[in-house]
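Remarks on the structure that follows.
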Amino acid sequence: MSQQISLPAKLINGGIAGIVGVTCVFPIDLAKTRLQNQRQGQQVYKSMVDCLIKTVRSEGYFGMYRGAAVNLTLVTPEKAIKMAANDFFRCHLSKDGRGLTVFREMLAGCAAGMCQVIITTPMEMLKIQLQDAGRLAAQQRKPGIIPPNRLVTTNVVLSRSYNVVPNTSPRAVSATQIARELLHSQGIQGLYKGLGATLLRDVPFSIVYFPLFANLNKLGKPSPDAAAPFYWSFISGCVAGSTAAVAVNPCDVVKTRLQSLSKGANEETYSGIIDCFSKVMKREGPSAFLKGAGCRALVIAPLFGIVQVMYFIGVGEFIMSQSSLKLISD
């Protein structure tokens with residue numbers, strides 16, 4: 001790898017890609033969170049499409065974007081750190097500009113995944129509370145699922161703002177409110193609840209994604225020294241992203257359950273990763289770990305396809321005035 005890595009340019013590329021991607025696929029991510037948090041006998045949504053339709057009917061169009069603000073704010077550093085860290089470690093693990101072995105590619109991906117959780121964990125923590133609020137409200141409205149006076153919440157501000165307490169007038173909640181309350185009641189560790197599960201999801205994801213993308217992208221190169229075509233980088237990013245997303249979906253289910261602060265009366269609480277895994281397996285079966293897998297693949301595929309497009313075009317390098325935009329392959 002003879003060309004020096006420009007970290008500021010990589011940060012810009014990752015940030016722009018994250019914002020564009022999240023804006024496009026956030027409603028699917030909301031459906032994924034709500035489907036993953038459903039328990040047997042308490043299903044409000046039958047599928048992703050059913051979830052989105054019911055969300056629009058009960059919460060309006062912008063209900064599909066609950067939690068998007070915190071995601072859009074933090075996805076820039078999150079994606080930027082992930083992509084820039086991978087490039088950084090790949091550069092330092094390469095020998096004399098030669099290509100990396102699969103093991104070294106996996107090692108670079110592992111390091112990138114470990115770096116990103118600094119931002120990912122609090123981002124996911126806040127986003128999940130906002131995304132899941134509509135599911136709890138829908139459970140409360142649906143007869144025969146949860147008696148209105150038996151909803152359990154772990155936080156006064158959350159229960160008040162999420163309308164999970166009956167006879168409360170509708171009030172909006174913001175990520176700032178949740179963050180302030182968590183910091184006040186639990187300290188910084190409140191925002192990092194589920195850190196272990198996040199690592200368990202994101203490190204394997206990066207180990208699978210980055211080597212898979214690199215090797216798929218090589219197949220589209222007309223020659224070893226040439227860049228793959230624009231469309232091939234996009235397809236490679238989509239395939240690698242969706243494959244890695246489905247592979248780690250069980251970890252994502254565990255993470256979502258652990259980070260959900262407000263629960264229905266019949267929804268169990270978990271003391272940690274092992275406790276969550278064992279309870280889900282015992283009460284819902286192995287299929288529960290695949291909840292939301294299709295949604296997650298639909299979210300991750302275009303998101304990482306867009307990431308690779310941003311890198312291909314070189315938006316960050318253009319903004320840093322290091323090169324012109326590359327709209328076609330050399």
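The values are calculated or read from the model by the stated rules, or taken from the named source; none is laboratory data. Note that the structure is predicted; figures quoted are calculated from it, not measured. Because the Cβ atoms are built from the backbone with ideal geometry, glycine has one as well, and the counts that use them run over all protein chains shown. Protein only, heavy atoms only, side chains kept; ligands, DNA and RNA dropped before computing areas. Shrake-Rupley method; radii C 1.70, N 1.55, O 1.52, S 1.80 Å.
Looking across region 188-239, the residues that are within 23 Å of PHE89 (Cα to Cα) and part of a loop (DSSP other than H, G, I, E, B) come down to LYS221, PRO224, ASP225, ALA226, ALA227, ALA228. Annotation: ALA228 fulfils all but one of (1) open to solvent by less than 10 Å² (accessible area, probe 1.4 Å); (2) under 23 Å from the mean Cα position of the chain (by Cα); (3) under 23 Å from LYS79 (Cα atoms); the unmet one is (2). Of the residues contained in region 49-67, one or more are found to be of a type in the set (Gly, Ala, Ser) and within 30 Å of PRO286 (Cβ to Cβ). Every residue in region 10-50 that is in contact (Cβ under 8 Å) with a residue 24 or more places away in the chain, of a type in the set (Ser, Thr, Tyr) and surrounded by fewer than 24 Cβ atoms within 10 Å (Cβ to Cβ), please. The answer is THR23, TYR45.
Please verify whether SER278 is hydroxyl-bearing (Ser, Thr, Tyr), without any contact (Cβ under 8 Å) to a residue 40 or more places away in the chain and not in a helix (DSSP H, G or I), treating the condition exactly as stated.
Considered against the rule, which asks whether it is hydroxyl-bearing (Ser, Thr, Tyr), without any contact (Cβ under 8 Å) to a residue 40 or more places away in the chain and not in a helix (DSSP H, G or I), SER278 comes out as no.
VAL254 falls short of the stated requirement of being of a type in the set (A, V, I, L, M, F, W, C) and open to solvent by 30 Å² or more (accessible area, probe 1.4 Å).
When region 61-116 is filtered for residues that are of a type in the set (Val, Ile, Thr) and either open to solvent by 20 Å² or more (accessible area, probe 1.4 Å) or without any contact (Cβ under 8 Å) to a residue 24 or more places away in the chain (or both), the ones remaining, listed by number, are THR73, THR76, ILE81, THR101, VAL102. Selection within region 157-198: residues that are among the basic types (Lys, Arg) and at pLDDT below 90. The member of this set that is most open to solvent (accessible area, probe 1.4 Å) is ARG171. Counting only residues that are in a helix (DSSP H, G or I) and closer than 22 Å to ILE118 by Cα, region 31-76 holds 10 of them. On inspection, SER271 passes the criterion of being among the small types (Gly, Ala, Ser), more than 19 Å from VAL208 (Cα to Cα) and outside any helix (DSSP H, G or I).
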